[in-house]
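Below you'll find the structure, written out as structure tokens, and then a few comments.
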Amino acid sequence: MADTSLKKDQTAKPEDGNEKIRILAFLCNWCSYAGADLAGVSRLQYPPDVKSIRVMCTGTISPHYILKAFQEGADGVLIAGCHIGDCHYLKGNYATAKRFRVIKDLLESIGIDPGRLRLEWVSAAEGEKYADVIASFTEQIKEIGKSPLSKSMGRDVNKSKAQVADESV
Amino acid sequence: MKQELIQKIKKMLESGEAGAVLFLRGEEGDITPAVASDPADAAIDEVYSGDSKFLMAAFACLVEPYHNEKVAVVMRECDRRMLIELAKHNKIAFDKIIPLSIPCSQQLADACVCDHPVPPGCEFDTTTRPVTNEPGGTEPEDGDRLSYWMDHFSRCIRCMGCRNVCPLCYCADCALDNPELLGPEMFPPDIPIFHLIRAIDMADRCIDCGMCEEVCPADIPLRKLYRNALGSLKEALDYVPGLDLKEKSPLEVLGEPGQLGGMEDGYRRE
Ligand code: SF4
Ligand code: SF4
Ligand code: FES
């Protein structure tokens with residue numbers, strides 16, 4: 001028996017639910033977090049839909065965290081760290097880049113839009129770039145719509161089909 | 001092949017080339033793993049060379065530490081690739097193992113959809129040809145993909161069969177038991193994260209033996225899922241696990257610029 005509720009979700013656009021999008025950003029302490037700070041003190045305007053988590057290096061971000069973010073209903077995940085060659089632990093972001101590629105391909109292969117993921121290198125001096133990245137990513141996520149895995153979209157993915165069927169009786 | 005195999009095992013033990021030989025004994029439907037260190041051991045005459053599969057690599061990891069001499073292991077190509085991966089992760093001393101490689105029958109290769117039924121350097125005659133088509137049915141196009149996978153995942157009963165049978169899943173502390181990631185004892189498990197955690201962790205060590213899919217009581221196309229992850233490793237980072245003992249996974253070394261899977265300038269979908 002095909003499950004149609006999910007297909008409906010996939011095409012849902014924000015105006016259907018009027019809900020706020022939720023973006024999770026992992027920011028490297030040394031570059032991008034400082035970049036975000038600079039954007040703040042420079043009073044640059046950027047959309048407020050982003051929740052950020054500061055990490056000591058993007059190399060510490062386990063792929064499991066990214067999966068968990070989507071599981072918890074994030075509509076997009078941004079990873080921002082130092083430029084290649086500028087990582088404060090020398091090559092931490094090399095690991096990030098490779099892991100990112102594999103996780104992006106994996107999510108794409110099960111049908112999650114790769115536009116929901118973004119990897120950016122933003123230095124501490126690039127406050128403006130940070131604001132741009134947030135603006136363009138937010139724009140992109142709004143266009144793609146709420147995540148089909150998001151619980152707030154009506155179908156709780158953690159419920160079995162039997163539970164869902166029970167409730168709809 | 002059975003007679004040749006018996007001769008080969010006896011010869012290895014008599015000549016002292018191997019101190020012990022690991023093999024399967026018995027008849028179809030009643031097979032047990034066995035270790036022989038004496039060429040006169042009656043078990044050798046009962047050696048099994050049929051189509052049933054057994055995790056000889058896992059068996060070898062158990063037995064190897066108890067032997068000082070070299071250990072010969074009767075194995076298929078899958079087992080040899082498992083051993084290579086396990087050796088890369090320091091789970092077995094590969095130089096102590098002598099692979100006694102046997103070919104798989106055509107029937108088995110067809111059933112497995114396997115492109116490597118005959119191990120390199122195999123000493124036994126065989127007519128088995130590799131099967132090169134893609135295993136499993138086709139995945140639907142973009143729009144329906146997620147429903148296709150979620151429908152499959154939603155049947156998972158969290159029996160842990162896929163993890164437990166997997167020869168490369170050896171971690172004492174498994175991410176699937178981490179309550180921060182998955183509701184503990186949650187039944188059915190959180191999807192898709194349950195299956196994706198396994199897929200991402202297997203991406204650079206799955207040797208595509210298909211055991212997980214065989215044991216899965218819910219018929220989830222796990223092999224296809226892991227093959228998707230393997231495909232990414234191959235395409236982006238030019239790496240295939242299980243082939244070369246000396247080649248490390250690109251996800252385990254930091255590497256050099258230019259080998260970052262095309263992510264040097266970050267990633268944004270246009
Ligand atoms: S996958 Fe290939 S090598 Fe492995 S058991 Fe099947 S036929 Fe043999
Ligand atoms: S073997 Fe199948 S049903 Fe069991 S835990 Fe793995 S995916 Fe789920
Ligand atoms: S310290 Fe910023 S990415 Fe490593």
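Derivation of every value follows stated rules applied to the coordinates shown; laboratory data play no part. Since the structure is predicted, the reported quantities are computational estimates derived from the model, not experimental observations. In this analysis, Cβ positions are derived from the backbone assuming ideal geometry, glycine residues included, and neighbour counts consider all displayed protein chains.
Structure above, values below:
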item	result
FRET E, pair residue A:49, residue A:128, Förster distance 22 Å, beta-carbon r, rounded to 0.05	0.70
Cα-based shape type of region B:83-213, given that a ≥ b ≥ c are square roots of the gyration tensor eigenvalues and the cut on a/c is 1.5	oblate
Taking region B:58-150 and dividing mean pair separation by its residue count, relative contact order in percent (alpha carbons under 8 Å, at least six apart)	23
Taking A:150, B:147 and counting other C-beta atoms within 10 Å, the order from fewest to most	B:147, A:150
Shielding of B:192-198 by partner chains, average beta-carbon count, 10 Å	6
Filter on B:10/B:53; A:20/A:68; A:146/B:248; B:53/B:91; A:68/A:98 - keep pairs with C-alpha separation over 28 Å	A:146/B:248
Computed helical MRE - 222 nm, the protein assembly as shown, DSSP H runs ≥ 4 contributing -39500 (n - 2.57), nearest 500	-11000 deg cm²/dmol
Using alpha-carbon coordinates, inclination of helix B:142-153 to the longest axis of chain B, degrees	50
Taking chain B and dividing mean pair separation by its residue count, relative contact order in percent (alpha carbons under 8 Å, at least six apart)	14
Rounded, prolate or oblate (a/c below 1.5 giving rounded, otherwise prolate when a/b exceeds b/c) for region B:2-112 by Cα gyration tensor	oblate
Average other protein chain Cβ within 10 Å of Cβ, residues A:61-74	4
Relative contact order %, region B:176-223, counting alpha carbon pairs below 8 Å whose residues are six or more apart	22
Mean Cβ count within 10 Å, highest first, over the residues of peptides B:59-71, B:244-256, A:80-92, A:117-129	A:117-129, A:80-92, B:59-71, B:244-256
Exposure proxy order (Cβ contacts within 10 Å, fewest to most) of B:124, A:26, A:137	B:124, A:26, A:137
Using alpha-carbon coordinates, inclination of helix B:222-237 to the longest axis of chain B, degrees	80
Rounded to 10°, Cα long-axis angle of helix B:77-88 versus longest principal axis of chain B	70
